[in-house]
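To keep things clear, I will list the structure first and then write my remarks on it.
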Amino acid sequence: MNKRLVARVIVFVLFAAVIILIGLKIYNRKTIAEHTKIFPEHNFLTIDEEPFNTGTVNANNFIVIFYSPGCTFCEHEGAELSRNSKEFANSKIIFITADIADSARAYSKRFGIDTITNFYSLVDTSYQAVRKFGIRTIPTTLIYDRDRKLIKAFEGEVNAKKILKTIRENE
């Protein structure tokens, strides 16, 4: 009888934990959407440690990618976006990391991001932007329209085709 009761309690606890995790995942998505409905103006440093304000950037759309230079998924996304850079000619792609400038610079050079005129590589070592945007997963990709309104948020790696499809559907 005690074994049955223990088994039931364990099953109940596991079920409750799964429900809580699902609820947290939904809450996190809502949090990102709430924090980022409008592309906020924010001050960063470039990988060359020059000031950069996002309020000065104008384009048909903005693609903001929060990444970490050592993240394998981030490397795949950076490489793919770089290879497909011509497809993003009317977009501004902004890579943001909370890592140090040296790591961000190496990442940008490795994928040629530093040579593409509409790609920006920025550093946020104070984590203020991560908090402001409500970022909880790396990489996170946010797509904004020309009016700086959020079109779509992707948590985790996303390929260039999916980003382009999202942009085209919202033009």
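Structure above, values below:
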quantity	calculated
Around LEU164: net Lys/Arg minus Asp/Glu count, Cβ-Cβ under 13 Å	+3
FRET efficiency estimate (nearest 0.05) - Cβ-Cβ, ILE20 to ASN170, R0 35 angstrom	0.55
Mean shadow area of the chain, taken as a quarter of the surface of its Cα convex hull (nm²)	11.7 nm²
Value of D in µm² per second that Stokes-Einstein yields for segment 39-134, Kirkwood Rh from Cα pairs, at 4 °C (1.567 mPa s)	98 µm²/s
Radius 12 Å from Cβ of ASP102, net charge of other residues (Lys, Arg +1; Asp, Glu -1)	-1
Rh (Kirkwood; distinct C-alpha pairs) - segment 116-171, Å	12.8 Å
Computed [θ] at 222 nm, deg cm²/dmol, the chain (DSSP H ≥ 4; -39,500 (n - 2.57); rounded to nearest 500)	-13500 deg cm²/dmol
Beta bridges per DSSP with both ends in segment 36-169, % antiparallel, nearest 5	60 percent
Gained length - THR115 relative to LYS132, 0.36 nm times residue gap less alpha-carbon distance	3.3 nm
Two-site FRET efficiency, LYS86 against GLU49, from Cβ-Cβ distance with R₀ of 25 Å, rounded to 0.05	0.30
Computed lengthening from ASN60 to LYS3, 0.36 nm per intervening residue step minus Cα-Cα distance	14.2 nm
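Since every read-out is calculated from the coordinates, none of them should be taken as a lab result. What you see is a predicted model; the values in this text were computed from it and never measured. Cβ: placed from backbone, ideal geometry, glycine included. Neighbour counts: every protein chain shown.
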